[in-house]
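**Student:** Got a structure for you, questions after.
The values are calculated or read from the model by the stated rules, or taken from the named source; none is laboratory data. What you see is a predicted model; the values in this text were computed from it and never measured. Don't worry about glycine lacking a Cβ; one is built from the backbone with ideal geometry, like all the others, and counts go over all protein chains shown. Calculation scope for accessible area: heavy atoms of the full protein, side chains included, ligands and nucleic acids excluded. Shrake-Rupley method; radii C 1.70, N 1.55, O 1.52, S 1.80 Å.
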Amino acid sequence: PAAPGLLGLPSIYLELSKAKLSGLVVMTTGAGHLLAQLPLDPLLLGATLSGTFLCAASANTLNQVIEIPRDARMARTAKRPLPSGRISPAHALAFATTTGGAGVGTLLALTNPTTAALGAATIGLYAGVYTPLKPVTHYNTWVGAVVGAVPPLMGWTAAGGELLSPEAALLSGALFLWQIPHFLALAWMYRADYAAGGYEMLPRRDPTGERTAAVCLEYSCYLTALPFAVWASGLTGCMFAVESLAFNGVMLAAAARFVLAPPNARVQQAQYARRLFFASLGYLPLFFGCLLLHQQSNRHAATEDEEVAAPEAARARLREAGRQYCLHEQLEAPSLCPKGAADEVAAVAHEVAAGAAAGLAGSRQTQPPS
């Protein structure tokens, strides 16, 4: 192919990077970073987000280099830079190597080795494991979901969070669960295209659509339960679980409509899959926005340095302003407040558990020695 002009290169690089997808990845990384609740360091946050974007750009480009023949057979991907001949594979490979090295290097130099290792693992798993599995087994979707669950961990660890912690499990778990209905809905919409490319997606082996829709509903149910588990663990207040019913309800309704569509009713199934896909696009911003708004007090020690604490004070004011829009702030009757009711239930449960523990301890003390 002819070498692209300098003016055309930026747009080609953005296409290779899958800029919109990489931007979503960066959003989840930022959420993980803010969840740490440390005094906000703009330099550290910028390095984390830019390093993550570069790693995602590298992984996406390597994926397209490997899949040139298959992308050329698919209507949805045939116009991408590589199969359309707008850039050579060698040029794209050089771009992937440069962005990958720059991304991991940025994370290593400006964040910490753990975050850099996660960035390198993302590139390796996406290009070296997920991509080769796509024509082999439909379980590639679950492998890809594991890879997609890493970026929020990068934001969390860059801010000093522990890799093995409840917060890390929440971040990765939410992303893993969300990706299944999101990508299966997309795979159903373009199942003929994926078949033409030779990809083993679940809809390819599911002619009626019943199995694909059932899996989408299953994982949407898991997503609905997740905020309640998060509240029960003490990571957020109860209003996170209450407010999550709104956006989780939309996902559940869309998945349920997909399930209830008559088998082999191609037009209806495609419509419902598309609705589920678009519902999933709005899900993550709402999930992470509510999570950050309702998270409980910080487990990390805050610094007393005023220069570093200033951004944190601004963030605290923003969160406090956002709380004014919470449902329980708008209810004048305390008996109608879901927060108050949940707090009462939690208090009763705590008393029952404490009483049971005290009774058990007392019974052990009164037992004669054997």
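**Student:** What's the ranking of 219-228, 263-272 by average number of surrounding C-beta atoms within 10 Å, highest first?
**Tutor:** Averaged packing, sorted descending, gives the order 219-228, 263-272.
**Student:** Could you work out the equivalent-ellipsoid semi-axes for segment 105-249, taking the square root of 5 times each eigenvalue of the Cα gyration tensor, largest first, in whole Å?
**Tutor:** Values: eigenvalues 170, 114, 16 Å².
Here the semi-axes work out to 29, 24, 9 Å.
**Student:** Might you work out the accessible area of F278 for me, using a 1.4 Å probe with all protein chains in place, and round it to the nearest 10 Å²?
**Tutor:** 120 Å²
**Student:** Taking all protein chains in place and a 1.4 Å probe, what share, in percent, of the accessible surface of segment 106-175 do carbon and sulfur account for?
**Tutor:** Details: 1810 of 2500 Å².
With neighbouring chains kept in place, the figure for segment 106-175 is 72 percent.
**Student:** Which three extents, in angstrom, do the Cα atoms of segment 197-304 have along their principal axes, listed largest first?
**Tutor:** 61, 29, 20 Å, listed from the longest principal axis down.
**Student:** Over the heavy atoms of W231, what accessible area does a 1.4 Å probe trace out, to the nearest 10 Å²?
**Tutor:** My reading of the accessible area for W231 is about 80 Å².
**Student:** Hey, what's segment 46-155 come to in accessible area per residue, 1.4 Å probe, Å²?
**Tutor:** 37 Å²
**Student:** Given a 1.4 Å probe and heavy atoms of the protein chains only, how would you sort T157, T97, largest accessible area at the top?
**Tutor:** Listed by decreasing accessible area, they come as T97, T157.
**Student:** Determine how large the accessible area of K18 is when every protein chain is in place; take a 1.4 Å probe and give Å² rounded to the nearest 10.
**Tutor:** Number for this one is 40 Å².
**Student:** When only the heavy atoms of the protein chains count and the probe is 1.4 Å, how do E162, E67, E218 rank by accessible area, highest first?
**Tutor:** Numbers: E162 125, E67 10, E218 75 Å².
Most to least solvent-accessible, the answer reads E162, E218, E67.
**Student:** Now a separate question. Taking only the alpha-carbon atoms of segment 87-179, what semi-axes of the equivalent ellipsoid follow from 5 times the gyration tensor eigenvalues under a square root, in whole Å, largest first?
**Tutor:** With the √(5λ) rule applied to segment 87-179, the semi-axes are 24, 21, 8 Å.
**Student:** Compare I180, I68 by solvent-accessible area with a 1.4 Å probe and give them largest first, with all protein chains kept in place.
**Tutor:** I68, I180
**Student:** Based only on Cα atoms, what mean projected area does the convex hull of segment 53-113 have, in nm²?
**Tutor:** Mean orientational projected area (segment 53-113, Cα hull): 4.3 nm².
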